Amino acid sequence: TEMYATGTGTSTLNIRKPSTSPHFQLSSLGALTIGGSLTQNSDRNIKDNIKVISDSLNKVSLLNGSTYTRIDEGQDPTKIHAGLIAQDVELALPEAVGETEDGIKTVDYSSVVALLVESVKSLTTEVNNLKKEIIELKNL
């Protein structure tokens with residue numbers, strides 16, 4: 001495995017096995033590219049106080065999927081991004097929001113996935129209940 005930097009002005013840190021594409025790139029603009037999967041430790045054996053996220057549908061309704069451009073230093077102000085706004089996420093799921101030393105809010109998108117999973121489960125239950133109700137009404 002080798003590590004090397006490339007570029008002038010905006011440099012990139014690359015980690016790769018010799019004669020292969022980079023497995024990991026971190027640009028001086030903060031863009032991270034990986035050549036494989038991004039995983040996190042999530043084993044039940046390292047967790048405590050596990051609780052299912054409650055009121056997931058109402059929490060999801062506080063979120064907006066948005067497109068936007070970035071105005072912070074070093075970003076391309078013409079590039080359109082898509083994502084969530086941290087302040088909205090903070091209202092719905094405060095444990096998914098962090099903050100940098102500069103006071104910029106961050107979002108842990110894997111935490112948002114957990115909220116979305118519970119929302120889908122709630123909607124599935126609601127749809128199944130409505131299906132049963134339709135069948136009962138048809139049998140009247």
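Could you tell me which numbered condition VAL60 fails, if it satisfies all but one of (1) farther than 30 Å from LYS17 by Cα; (2) among the β-branched types (Val, Ile, Thr); (3) open to solvent by 60 Å² or more (accessible area, probe 1.4 Å)?
(3)
Among the residues of region 73-103, write down those that are free of Cβ contacts under 8 Å to residues at least 12 places away in the same chain and either surrounded by 11 or more Cβ atoms within 10 Å (Cβ to Cβ) or under 19 Å from LEU29 (Cβ atoms) (or both).
Result: GLU73, ASP76, PRO77, THR78, LYS79, VAL97, GLY98, GLU99, THR100, GLU101, ASP102.
What's the total number of residues in region 27-57 that are free of Cβ contacts under 8 Å to residues at least 12 places away in the same chain, of a type in the set (Val, Ile, Thr) and open to solvent by 80 Å² or more (accessible area, probe 1.4 Å)?
3
Mind telling me which of the residues THR106, THR67 ends up being surrounded by 10 or more Cβ atoms within 10 Å (Cβ to Cβ), β-branched (Val, Ile, Thr) and in a strand (DSSP E or B)?
THR106
The values are calculated or read from the model by the stated rules, or taken from the named source; none is laboratory data. The shown structure was predicted, so the numbers you read here are calculated from the model rather than taken from an experiment. Note: ideal-geometry Cβ built from the backbone for every residue, glycine included; neighbour counts use all protein chains shown. SASA here: full protein model, heavy atoms, side chains in, ligands and nucleic acids out. Shrake-Rupley method; radii C 1.70, N 1.55, O 1.52, S 1.80 Å.
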